[in-house]
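**Student:** Dumping the structure here so I can ask a few things about it.
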Amino acid sequence: MITLHLHTGIQIDGTLRRVLAVLFLGLALNARAADRVLVVNSDASVEKYRQAGEAFLETWQGPVVQIDLGDTTLPENRIRSRMKAESPTAIYCIGTRAYLAASSTFKTERIVLSSAINWERLPKSRNLDVIANELPVENQTTLFRYFFPGMKRIGVLCSKRFNSQWVKRAVSEAREAGVEIVFRHVDRPWQTEKQLRRLLPDVDALWIVADPVVLSSADDIEAIFRIAHESRKPVFAYSHALADFGATLVVAPDHATVGRQAAGLLAGDRPGTDKEPVVQHPAGSAVTLNIRLVEEYGLEMNERALDSVNHVIR
Amino acid sequence: MALVMIELASVMPSRGEPGLTTIYFFSPEITVSSFNTLKAAFDGVLAPCGNYAFQPVARRADFEALLAKQESALFLMSSTHYRELDDRMRLTPRLVGIRDAKIVQEHGLYTLKANGGVSSLRGATVAISGPREYAANLLRDMLRGEEPALADSINFLVVPKQVDALMAVSFGSATAALATESSVRRLAEINPRQAASLKLAASSAPILLPILVSPSDANASTKALLDVLSGLQQQPAGLQCLRMLGLDGMTELPEAEKEELGR
């Protein structure tokens, strides 16, 4: 029998000691607000990562240490040693690479992850908060209709392999914003043009979503925009990188807001348990509008929405 | 409204060229798109009317320095900011913005209907668009009669525009949002379900929309520009510029409001 003497002088047997240890451990894992934060950036030279990191630093009040994995040639094990040496109470990971390094180093500390594509496929650490990489579908479709109230049917090309679950959810969520999503599946890149030409006559606009089969190459992306332009159908996109290809409207996450959200999460106590990540969506959107294309296509736009545009292309 | 994009080219505008009358713009209430875009749009509309230019200013201190020095200029600014200016500045408010046929706006604190009252917001996250200090002052003013100390406990989450702030509440990224009544109405037009899930927990007194101010002894060029601006909404390109600022037009500030502003 193992005995433990507490300051009360009460003797506790081994069984009760193990129960108490589990209870105390559980309480510790309902993490308290962070005191010392380690910010690990996958690569601060990438614009969206830089924005998130800078906004976090502007918002966070306490001590912070930064590591930029894009700015180091150290091997992974040395990076992990360096991270461990900082003894953070919490870690903010910007991007997948940062998360993989941090989660393999820290097993009980609180981790906030942002800016990671397909974070659901990553191994889950305990005490994890996530700010997803995408705006909710309802947010995006609400903004589509905010700018173009008359657009009710929006077409989507996507693969069954990567987006079958997403598109089912999207159809339901978009309905809340008064938008009907009409989708066609593309299972091989060579099917894209044919499916696109079938889709465009039935919809008011095309919404490009992140799908590696549909967007398998720069040539495919250019072809999609060319065909949509020939049909005078506006293209809505999820990334500012697609603005240069000819997107009429881009609604993307505002990465500075993501950094501020991360700071807000770490400033408070983590709700819930260590079993499931707590997930938020990006709270801010960055909008790019190509007014030249709006005029060229003769689109009816709600001009009162102009005060909600971050970048205007003329 | 979209977040201000501070651009180095606009941080400290140079003094105007001779004969040029400039409209300087600074307002925490209007969070606009790229300064370059705004300037290009307004300059394009003003060019046929005379030797005029539009110049957004990123920092309040720079704007106030221009107020103190410039003679032949107009200044587009928030009415709240105007009230805080040194009385020794000899300025006269001339025009006021119009939105939805009104010259005032009401700010509200919006939460989910399922939430408790204002007191349940202690330590909560409130989504705002615009500077924290401006939002904090607005919130203190809203809660003055009830829970004045509560405003100091709030954690602000700055987002690019008011529709983002309202949607942040629906999606759980914030417990409440500061937004104008007109923003909520716009959300209701496009997403009635989200708007219907919100309730008004507190509100501010009506605040004048942004005002256009000139030196008290305005010269002929300044007066001519005022005429141009008060008619800007009559042309499509001019209306588009005003819409970028969240306005439908500009009109002469009524005498009662001039007196109330104290100048």
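The values are calculated or read from the model by the stated rules, or taken from the named source; none is laboratory data. From a predicted model like this one, the values you see are computed outputs, not experimental measurements. We place every Cβ from the backbone using ideal geometry, glycine too, and count neighbours over all the protein chains shown. Quick note on the areas: whole protein, heavy atoms, side chains included, nothing else; ligands and nucleic acids left out. Shrake-Rupley method; radii C 1.70, N 1.55, O 1.52, S 1.80 Å.
**Student:** Which of the residues belonging to segment B:166-186 are part of a helix (DSSP H, G or I) and either surrounded by fewer than 24 Cβ atoms within 10 Å (Cβ to Cβ) or more than 8 Å from chain A (Cβ to nearest Cβ) (or both)? Walk me through it before giving the result.
**Tutor:** Of the residues in segment B:166-186, the ones part of a helix (DSSP H, G or I) are B:166-170, B:181-186.
Residues satisfying the conditions are B:LEU166, B:VAL169, B:SER170, B:GLU181, B:SER182, B:SER183, B:VAL184, B:ARG185, B:ARG186.
**Student:** Let me ask something else. Which one of these is open to solvent by 40 Å² or more (accessible area, probe 1.4 Å) and either among the acidic types (Asp, Glu) or more than 9 Å from chain B (Cβ to nearest Cβ) (or both): A:VAL278, A:VAL294? Give the derivation first.
**Tutor:** Numbers: A:VAL294 fails: open to solvent by 40 Å² or more (accessible area, probe 1.4 Å).
Only one candidate passes the filter, namely A:VAL278.
**Student:** Which of (1) closer than 26 Å to A:GLU47 by Cβ; (2) surrounded by 17 or more Cβ atoms within 10 Å (Cβ to Cβ); (3) charged (D, E, K, R) is the odd one out, the single condition A:GLU120 does not satisfy?
**Tutor:** Of everything listed in (1) closer than 26 Å to A:GLU47 by Cβ; (2) surrounded by 17 or more Cβ atoms within 10 Å (Cβ to Cβ); (3) charged (D, E, K, R), A:GLU120 misses just condition (2).
**Student:** Considering only segment B:243-257, state which residues are within 14 Å of another protein chain (Cβ to nearest Cβ) and either more than 16 Å from the chain's Cα centre (by Cα) or under 15 Å from B:VAL45 (Cα atoms) (or both). Reasoning before the result, please.
**Tutor:** First, pick out the residues of segment B:243-257 that are within 14 Å of another protein chain (Cβ to nearest Cβ): B:243-249.
Result: B:ARG243, B:MET244, B:LEU245, B:GLY249.
**Student:** Continuing with the same structure: Could you tell me whether any residue of segment A:226-245 is at the interface with chain B (Cβ under 10 Å from one of its Cβ atoms), open to solvent by 10 Å² or more (accessible area, probe 1.4 Å), out of contact with any Pro (no Cβ under 6 Å at 6 or more places or on another chain) and touching a residue at least 24 places away in the same chain (Cβ under 8 Å)?
**Tutor:** no
**Student:** Suppose we filter B:LYS223, B:LYS199, B:LYS161 for residues that are of a type in the set (D, E, K, R), away from chain A (no Cβ under 12 Å) and closer than 30 Å to A:VAL278 by Cα; which single one remains? Before the answer, list the steps.
**Tutor:** Values: B:LYS223 fails: closer than 30 Å to A:VAL278 by Cα; B:LYS161 fails: away from chain A (no Cβ under 12 Å).
Result: B:LYS199 is the single residue among B:LYS223, B:LYS199, B:LYS161 that is of a type in the set (D, E, K, R), away from chain A (no Cβ under 12 Å) and closer than 30 Å to A:VAL278 by Cα.
**Student:** Kindly check whether there is at least one residue in segment A:192-204 that is within 14 Å of another protein chain (Cβ to nearest Cβ) and either under 29 Å from A:ASP307 (Cα atoms) or outside any helix (DSSP H, G or I) (or both). Break it down stepwise before answering.
**Tutor:** Initial filter on segment A:192-204 (within 14 Å of another protein chain (Cβ to nearest Cβ)): none.
Among the residues of segment A:192-204, not one is within 14 Å of another protein chain (Cβ to nearest Cβ) and either under 29 Å from A:ASP307 (Cα atoms) or outside any helix (DSSP H, G or I) (or both), which makes the answer no.
**Student:** Kindly indicate whether A:THR248 is more than 11 Å from chain B (Cβ to nearest Cβ), more than 28 Å from A:GLU54 (Cα to Cα) and modelled with pLDDT under 95. Quick ask: steps written out before the conclusion?
**Tutor:** Details: more than 11 Å from chain B (Cβ to nearest Cβ): yes; more than 28 Å from A:GLU54 (Cα to Cα): yes; modelled with pLDDT under 95: no.
In short, no.
**Student:** Can I ask one more? Only one of (1) hydrophobic (A, V, I, L, M, F, W, C); (2) modelled with pLDDT under 90; (3) open to solvent by 20 Å² or more (accessible area, probe 1.4 Å) is not met by B:LEU143, so which one is it?
**Tutor:** (3)
**Student:** Still on this structure: Which members of segment B:204-251 meet the condition of being open to solvent by 60 Å² or more (accessible area, probe 1.4 Å), outside any helix (DSSP H, G or I) and more than 27 Å from B:ASP141 (Cβ to Cβ)?
**Tutor:** B:ASP217, B:ASN219, B:GLN235
**Student:** From the list A:ASN133, A:ASN163, pick out the single residue that is more than 14 Å from chain B (Cβ to nearest Cβ), within 23 Å of A:ALA228 (Cβ to Cβ), open to solvent by 10 Å² or more (accessible area, probe 1.4 Å) and within 22 Å of the chain's Cα centre (by Cα).
**Tutor:** Unique residue meeting the criteria: A:ASN163.
**Student:** Tally the residues that are within 13 Å of another protein chain (Cβ to nearest Cβ), part of a strand (DSSP E or B) and either of a type outside the set (S, T, N, Q) or without any contact (Cβ under 8 Å) to a residue 60 or more places away in the chain (or both), restricting the search to segment B:89-143.
**Tutor:** Going through segment B:89-143 one residue at a time, the tally reaches 7.
**Student:** Let me ask something else. Say we look at segment A:302-314 and pick out the residues that are open to solvent by 10 Å² or more (accessible area, probe 1.4 Å) and under 12 Å from B:ARG243 (Cβ atoms); which of these is farthest from the other protein chains (Cβ to nearest Cβ)?
**Tutor:** First pass over segment A:302-314, keeping only residues open to solvent by 10 Å² or more (accessible area, probe 1.4 Å): A:302-304, A:311-314.
Subset that is under 12 Å from B:ARG243 (Cβ atoms): A:302-304, A:312.
On the way: A:ASN302: 9, A:GLU303: 5, A:ARG304: 6, A:VAL312: 4 Å.
Step by step, filter segment A:302-314, then rank; the result is A:ASN302.
**Student:** Considering only segment B:113-134, state which residues are under 15 Å from B:ALA174 (Cα atoms) and either touching an Asp or Glu at 6+ places or on another chain (Cβ under 9 Å) or open to solvent by less than 50 Å² (accessible area, probe 1.4 Å) (or both).
**Tutor:** B:ASN115, B:GLY116, B:VAL118, B:LEU121, B:ARG122, B:GLY123, B:ALA124, B:THR125, B:VAL126, B:ALA127, B:ILE128, B:SER129 - these are the residues of segment B:113-134 that are under 15 Å from B:ALA174 (Cα atoms) and either touching an Asp or Glu at 6+ places or on another chain (Cβ under 9 Å) or open to solvent by less than 50 Å² (accessible area, probe 1.4 Å) (or both).
**Student:** State all residues of segment B:35-50 that are touching a residue at least 40 places away in the same chain (Cβ under 8 Å) and either more than 14 Å from chain A (Cβ to nearest Cβ) or of a type in the set (Phe, Trp, Tyr) (or both); if no residue qualifies, say none.
**Tutor:** Matches in segment B:35-50: B:PHE42, B:LEU46, B:CYS49, B:GLY50.
**Student:** Considering only segment A:178-212, state which residues are charged (D, E, K, R), in contact (Cβ under 8 Å) with a residue 24 or more places away in the chain and more than 19 Å from A:VAL250 (Cβ to Cβ). Walk me through how you get there before you give the answer.
**Tutor:** To start, the set of residues in segment A:178-212 that are charged (D, E, K, R) comprises A:180, A:184, A:187-188, A:193-194, A:197-198, A:202, A:204, A:211.
Next cut, in contact (Cβ under 8 Å) with a residue 24 or more places away in the chain only: A:180, A:184, A:187-188, A:193, A:197, A:202, A:204, A:211.
Correct list: A:GLU180, A:ARG184, A:ASP187, A:ARG188, A:GLU193, A:ARG197, A:ASP202.
**Student:** Next question. Of A:LEU299, A:LEU266, A:LEU289, which residue is more than 22 Å from A:GLU120 (Cα to Cα) and open to solvent by less than 10 Å² (accessible area, probe 1.4 Å)?
**Tutor:** When all the criteria are applied, what remains is A:LEU289.
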